[in-house]
Amino acid sequence: MKKIVLLFFALLLSPAGYAQEKGSVLISGGTLITITDGNKENTDLLIEDGVITEIGRDLSAPDGVETIDASGKYVMPGIVDAHSHIAAVDVNEWTHPVTAEVTMEESIDPNDINMYWALAGGVTSIHLMHGSANVIGGQNETLKLRYGGDMDELRFEGAPRTIKFALGENPTRVHGQRFNVQPRTRMGVEQIVRDHFDAAFDYQRNRREYLEAREAYEEGARGEAPVPVAKNARMEVLVDILEGDIRVHCHSYRADEIMMLMRVFDDYGIENYTFQHANEAFKVAPELRKNGAYTSVFSDWWAYKFEVYYSTAFNASILNANGVINSINSDSGELIRHLNHEAAKTVHYGGTSKQDALRMITINPAMQLGIDDKVGSIEEGKHGDIAIWSGHPLSIYSMAEATFVDGKKYFDRDKDADDMRLEVNPEEDFEHAGRRWYEEHGRRGGTCLRGAEVRFNEQGMHFRHQTR
Amino acid sequence: MAASLQGWSQPAEAFENVIIHTADGEVVDGGTIVWRDGIIRSVGPEEEVTIPFDAYVRDGGDSLHVYPGFIDGMALWGSPDTDGPGGTPDEPGNPGYKRAGIQPQRYPSEHLKANDQALEKAAEMGFTTAALGLKGQMLPGQVDLFFIRGKQTPDNLLEEGVGVLAQFKEAKGPAYPSTTMGLMAQFRQLFYDAEALHRQQEYFASVSSSYPAPQKEKELEALYPVMKQKQPFFFVADSKENIERVLWLQDELGFDMVLVSGKEAYTKAQELRRREIPVLAGIDLPEKPDWMSTDDDGKDEKDRDTQPAEVTEEMQHFRERQQQAYKERINNINTLRESGVRVGYSSNGFNTSAIRKNLLILKEESGMNESQLLNILTQSTADILGYGQRLGDLEEGRLANFTVFDNPFTEEKAKGLFSVSNGEVTELDSESSN
């Protein structure tokens with residue numbers, strides 16, 4: 001407990017020192033889990049100005065660059081969590097079945113201590129997702145856990161745009177059953193997607209024609225004034241999805257609805273997409289493979305609502321064996337602290353190889369987010385986002401000892417007691433500061449339906465929304 | 001009394017033997033101030049001021065203090081309370097403008113509650129002018145500038161629409177926008193829609209036939225002046241992150257703005273200065289943590305017993321951070337000033353009775369002296385509201401807005417005795433001024 005209390009409070013460095021700085025460090029003598037090029041024992045890793053510049057033996061540190069002895073330890077790429085809701089102000093703009101215009105980019109809470117806890121689990125990047133209360137939810141934002149920085153400093157520069165879709169019980173219950181607004185059924189969910197894509201095509205054409213007519217009118221090439229078509233923030237984003245500029249990450253569980261969405265996407269020519277959760281994806285693994293669809297699943301979390309009863313701890317392994325690029329995600333402020341254990345379960349249950357298990361929390365989620373050219377493996381030229389582990393990361397006894405983003409250390413277990421990036425409220429007493437996060441969020445903090453909770457009681461499931 | 005439209009001249013009025021404080025901190029003992037038709041005609045040491053023969057003269061007995069009338073740059077005094085939760089719209093995602101909290105067309109002058117005690121209290125505290133806004137959600141309405149005269153305030157409008165109030169307040173209950181990111185999207189969409197409507201109206205007006213009539217949307221039309229930078233947003237934001245969000249919107253939509261409240265504005269001081277965004281700062285200061293209180297703070301022994309017997313190392317670290325955070329917040333206004341940001345004052349719902357206590361804290365703990373505080377409450381706020389030549393100081397030609405106190409205004413026992421607003425004298429009820 002003492003350790004945890006220390007972790008909560010005893011954090012003392014000026015936040016100003018953390019910004020989007022890049023660091024240099026030589027990590028010597030560790031076992032490098034490169035992910036893409038096997039394990040390399042007793043190997044040095046040099047990171048300069050945030051980039052991995054050299055991997056080899058007997059490297060010497062340039063002047064002024066710190067050397068960290070990692071002999072007897074494991075060095076692996078920072079974990080990438082493809083589904084997270086930590087560091088969020090709001091998660092669900094649930095009020096309309098389609099809210100493509102909102103973006104988690106504008107809903108970042110840079111003071112969330114969950115980032116520190118995630119760093120302590122070796123995580124360096126997260127996919128901060130909108131919630132699953134609507135069929136087409138908001139856009140997501142990929143972050144690097146540069147904890148202590150402000151909103152802009154947390155952004156993963158160059159990460160492609162992504163958006164949240166959601167199928168099944170969440171959107172049908174929130175909209176159809178609670179407010180009698182389409183969709184009430186899974187059929188309705190499909191129709192919402194199709195109707196909005198069609199509307200986006202119409203909008204795109206009408207808006208383009210209007211802008212062309214306006215230009216012609218203002219240049220005198222056209223006599224008749226056009227009727228304006230207002231720029232529409234929601235439709236603009238839908239158009240970008242159809243144009244292939246935004247990757248879709250879809251909350252889904254059942255095999256039939258996974259198939260449904262793949263058919264819809266095929267109809268509209270949408271190619272780059274990931275099914276999130278996807279508990280029944282194992283049933284349609286060959287179809288997913290054929291369509292080039294990605295999956296991002298829990299290792300063994302289910303039965304929290306009806307559509308999630310048909311589940312198996314073999315899901316990830318079956319998908320992997322079928323050649324589907326699969327990742328293991330957290331969707332939780334708690335699971336994110338030990339995604340290494342979650343990945344290890346695929347070895348335990350499904351006999352997946354250790355290398356493939358580790359891929360599921362590094363390069364595979366990086367591919368799904370379109371950042372695999374930058375992170376997800378230890379390769380020269382990639383970002384210096386790595387963690388040093390006390391033992392093999394798939395061992396239950398191993399701990400991340402230090403975590404680096406862009407070559408800069410953002411977590412150091414030895415110096416935990418001196419770290420003080422935690423936001424301190426002038427009016428808050430010491431004891432309460434430690435309980436604050438749990439009191440505000442409880443155990444449900446950082447999950448998909450935050451702000452639009454569906455709760456069980458004796459009468460069944462009830463939708464409950466929160467406003468501040 | 002303001003200039004009569006009937007054509008005859010009003011008698012002058014004067015205070016003599018008073019201590020006059022100007023906005024730049026100058027103090028004139030044995031001073032005289034003369035006003036007529038709502039304008040200060042003469043002010044200064046008695047030997048330099050001639051009191052007209054027809055003046056009604058009050059004697060300050062060499063002990064009363066005259067201050068320029070304080071100006072609240074954005075107060076919610078007299079605003080009706082917002083409606084209740086608002087019920088459930090047929091479609092939460094399309095609640096309509098009003099239900100969503102989009103009402104920029106509303107004018108406080110049409111909604112003000114004359115009997116709001118806050119309007120009386122404000123005069124007692126020394127306020128003679130205030131820009132008043134309405135309570136509400138993201139766009140509650142216009143900001144109107146009033147002379148503050150208790151129940152007569154609604155009849156003393158100086159200017160309508162000095163700005164449009166905007167804030168990050170979600171629609172109440174189940175309605176869009178329900179989140180900060182929803183508000184951001186909604187602000188953008190309103191500008192897009194207003195731009196299209198405006199263009200359609202122009203096209204319609206430019207031809208005599210064969211063009212569809214634009215719909216009348218008063219909510220969007222009310223945003224045209226903001227869109228064209230003819231009227232600023234009075235944007236309420238406190239946290240560093242929300243201030244950054246407002247700046248993102250400004251970059252995209254290109255509006256002029258005044259930042260209102262701005263508790264953490266000090267974190268963006270350089271950026272605010274670069275953008276020439278003035279701040280109407282609040283003084284809703286944080287309570288000092290118990291452990292920081294000294295014996296002088298009047299904490300009784302009981303409170304002290306709750307302090308832990310042992311201060312651990314981690315607790316000490318926490319305290320160091322907390323003290324730093326407290327100081328930063330207390331120093332907000334001073335940091336902004338020193339960074340070259342124009343700073344005025346806004347209560348924005350802050351309890352009027354607590355103003356003096358917090359001004360005292362600012363004086364004692366933020367290193368600002370009385371004249372700097374006075375300047376923020378007067379000239380600086382007048383400048384930000386575009387009334388820097390007419391309000392905010394005691395000098396010839398300014399509107400006759402001032403308050404007569406029995407003690408310097410930063411003293412806890414100070415009571416307002418007379419409030420003069422637009423030349424009209426109100427004798428304040430000293431019983432209720434505590």
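The values are calculated or read from the model by the stated rules, or taken from the named source; none is laboratory data. All values reported here derive from a predicted model rather than from experimental measurement. Every residue, glycine among them, receives a Cβ derived from its backbone with ideal geometry; neighbour counts consider all protein chains shown. Each accessible area value is taken on the protein alone, full model and side chains, heavy atoms only, with ligands, DNA and RNA left out. Shrake-Rupley method; radii C 1.70, N 1.55, O 1.52, S 1.80 Å.
Points worth noting:
- log₁₀ of I(q)/I(0) at q = 0.05, 0.09 Å⁻¹ - the protein assembly as shown, Debye sum with one point per alpha carbon: -0.36, -1.01
- Annotation for region A:374-416 versus region A:20-44: alpha-carbon center distance of 9 Å.
- Using a 1.4 angstrom probe on protein heavy atoms only, the contact between B and A buries about 4600 square angstrom of accessible area, both sides summed.
- Peptide B:226-235 - average C-beta neighbours from other chains (10 Å radius): 0
- The distance linking region B:162-202 with region B:205-224 is 19 Å (Cα centroid to Cα centroid, whole angstrom).
- Binning all Cα-Cα separations of chain A at 20 Å, short to long from zero, yields these whole-percent fractions: 24, 53, 20, 2.
- Rounded if a/c under 1.5, otherwise prolate or oblate - region B:1-141, Cα gyration tensor axes: prolate
- Coupling constants for region A:379-388 follow from the phi torsions by the Karplus curve (6.51 cos²θ - 1.76 cosθ + 1.60, θ = phi - 60°), and in residue order they are 9, 4, x, 8, 5, x, 9, 9, 10, 9 Hz; glycine and proline get x.
- Taking a straight Cα-Cα cut-off under 20 Å and skipping sequence neighbours fewer than 8 places away in the same chain, the aspartates and glutamates within cross-link reach of A:K415 are A:E21, A:E66, A:D69, A:D112, A:D385, A:E401, A:D406, A:E423, B:E313, B:E314, B:E320.
- For residues of A:149-158, the mean tally of beta carbons on other chains within 10 Å: 1
- Take each residue of peptide B:199-211, count the partner chain Cβ atoms within 10 Å of its Cβ, and average: the result is 3.
- Helices in chain A, meaning DSSP H runs of at least 4 residues, each add -39500 (n - 2.57). Divided by all residues, the mean residue ellipticity at 222 nm is -8000 deg cm²/dmol.
- B:K218 accessible area, assembled protein chains, probe 1.4 Å, Å²: 110
- Taking 13 Å as the straight-line reach from the Cα of B:K228, the aspartates and glutamates in range (excluding those fewer than 8 positions away in the same chain) are B:E195, B:D256.
- Beta bridges by DSSP in chain B, antiparallel share as percent, to the nearest 5: 55
- Helices meeting the span-like rule in chain B (full DSSP H runs, Cα extent of at least 27 Å along the helix axis, mean Kyte-Doolittle score of -1.0 or higher): B:180-206.
- DSSP beta bridges in chain A [antiparallel fraction, %, rounded to 5]: 55
- Gap separating the Cα centres of region B:93-155 and region B:40-75, nearest whole Å: 29
- Members of B:K169/B:K218; B:K169/B:K230; A:K374/B:K263; B:K135/B:K218 lying beyond 30 Å, as alpha-carbon distances in this model show: A:K374/B:K263
- The phi-based Karplus calculation (6.51 cos²θ - 1.76 cosθ + 1.60; θ = phi - 60°) puts the 3J(HN,Hα) values of region A:327-338 at 10, 9, 10, 10, 6, 7, x, 9, 4, 5, 7, 9 Hz, whole numbers, x for Gly and Pro.
- Put simply, the amide H of B:G38, placed in the peptide plane, has no neighbours under 5 Å, leaving out anything fewer than 5 places away on its chain.
- Reciprocal of mean inverse Cα separation for chain B (Kirkwood radius, Å): 23.5
- The share of accessible area on the protein assembly as shown that comes from carbon and sulfur is 45 percent, using a 1.4 angstrom probe.
- Burial order of peptide ranges A:297-303, B:113-119 (average beta-carbon count within 10 Å, highest first): A:297-303, B:113-119
- Derived scalar couplings ³J(HN,Hα) [region B:282-293; Karplus, 6.51 cos²θ - 1.76 cosθ + 1.60; whole Hz; x for Gly, Pro]: x, 10, 7, 7, x, 5, 6, x, 3, 5, 8, 5
- Under 15 Å of direct C-alpha separation, and excluding same-chain neighbours fewer than eight residues apart, A:K354 reaches these aspartates and glutamates: A:D37, A:E342.
- Residue-level accessible surface for A:R207, protein heavy atoms, 1.4 Å, Å²: 40
- Mean Cα-pair separation over length for region A:214-372, i.e. relative contact order, pairs under 8 Å, 6 or more apart, %: 16
- Rounded tilt (10° steps) of A:430-441 against the dominant C-alpha axis of chain A: 40
- Over 30 Å between alpha carbons, listed pairs A:K144/B:K98; B:K121/B:K240; B:K268/B:K413; A:K283/A:K382; B:K113/B:K357: A:K144/B:K98; B:K121/B:K240; B:K268/B:K413; A:K283/A:K382
- Computed per residue of chain B from DSSP H runs no shorter than four, each worth -39500 (n - 2.57), the mean residue ellipticity at 222 nm is -7500 deg cm²/dmol.
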